[in-house]
1. Pull out all pairs, ordered by first then second residue, where Cβ-Cβ is under 6 Å, the residues are six or more apart or on different chains, the first lies in segment 217-239 and is crowded, with 19+ Cβ neighbours inside 10 Å, and the second is of a type in the set (Asp, Glu) and in a helix (DSSP H, G or I).
2. What's the total number of residues in segment 3-57 that are of a type in the set (Phe, Trp, Tyr), touching a helix residue (DSSP H, G or I) at 6+ places or on another chain (Cβ under 9 Å) and farther than 19 Å from ASN95 by Cβ?
3. Mind checking which helices (runs of 4 or more DSSP H) fall wholly inside segment 123-228 and carry at least 3 residues that are at pLDDT 95 or above and in contact with a helix residue (DSSP H, G or I) (Cβ under 9 Å, 6 or more places away or on another chain)?
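The values are calculated or read from the model by the stated rules, or taken from the named source; none is laboratory data. Quick caveat, the model's predicted, so the values are computed rather than measured. Don't worry about glycine lacking a Cβ; one is built from the backbone with ideal geometry, like all the others, and counts go over all protein chains shown.
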Amino acid sequence: MLKLLDDFIYFIQYVDPKSELTVSAYRKDLEQYLEYLDNLEVLDMDEVTYEMVISYINELHMDYQPASVSRKVSAIKQFHNYLIRYNRVKYNVTNHVENKRRRISLPKAISQDDIQKLLSFEKNSPIDYLDYAILLVLFRCGLRVSECVNLQFHQIYEEEKWLRIIGKGNKERMVPIASDAYDALMNFIENYRPGFEQFKTDFVFINERGKLISRQYVHRMIQLRRKEVGLETKISAHTLRHSLATSLLNEEVDLRMIQEILGHSDIATTQIYTHVNKDKMKQEYDKFLSDPFKKKEGD
């Protein structure tokens, strides 16, 4: 599919010329889009569905400002228009995709049982412990994949068990790291990472060749581990981030604190999770209505 992207970039550079800035932005936007499709194990553009595109746009709204989302959607639509124009696909699945500010779909959280099952894969090799550390850091800290793969040693505050995260727009935030995630991280760093390091690097997560792991590695790893433990639930790095936010809200953690942990520039994005909490609210309400006059113990 990268060949199709290269052909499209050539088209907007020389056949239907656009500015250098637009070409550069579209390339990055579409590389991100193709990475998303790759994570869904889409091997051919004819396999892309309308639902996939809409799901992707909803995810974009969770992490980007409306103007950025609008540009990304425009790039996707023009790419698909190009593909249909030159008979590279049979259908244009973006025909009915509207490029406007839309209501964000509620995040899909996964259960604690599913998370525990995901983490239950056998750990017999250094790579297993690398993957285990990544998964726990992603979930317990609510990091974006890019924030996780770019984590460096000077960002780890060992005594306090905090991470200093460099987020979008180079904005910094301090994120606490739970004991199990911290233990998994330090176990990898102290016992397995030294065998990977072939040259000095400050990046924490490196592969067996000593190179920085990629976002694609993380996305593929999650799918491989999910299948390895026989987990039917669809899980992505984004899902793990949503699940942390939902869990924190269910524990009545202050919304501003959740905003800070996730690195949302606008609390309106964080407030989406208050809608997810409606299920819990309904359960408590139904429980109350079953016997509204029941006295509390000790009354």
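1. Short answer, once both residue conditions are applied: HIS238/GLU59.
2. Of the residues in segment 3-57, the ones of a type in the set (Phe, Trp, Tyr) are 8, 10-11, 14, 26, 33, 36, 50, 56.
After this cut, where a residue has to be touching a helix residue (DSSP H, G or I) at 6+ places or on another chain (Cβ under 9 Å) as well, the list is 8, 11, 26, 33, 36, 56.
Remaining after also requiring farther than 19 Å from ASN95 by Cβ: 11, 26, 36.
Result for segment 3-57: 3.
3. Numbers: elements: 126-141, 145-149, 179-187, 193-196, 215-228.
Passing ranges, in order: 126-141, 179-187.
Listed here are the residues, each with its yes/no results for (1) over 25 Å from the mean Cα position of the chain (by Cα); (2) over 28 Å from ARG226 (Cβ atoms).
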{"position": "TYR10", "(1), (2)": "yes, yes"}
{"position": "GLN13", "(1), (2)": "yes, yes"}
{"position": "TYR26", "(1), (2)": "no, yes"}
{"position": "TYR33", "(1), (2)": "no, no"}
{"position": "LEU37", "(1), (2)": "no, no"}
{"position": "VAL48", "(1), (2)": "no, no"}
{"position": "VAL69", "(1), (2)": "no, no"}
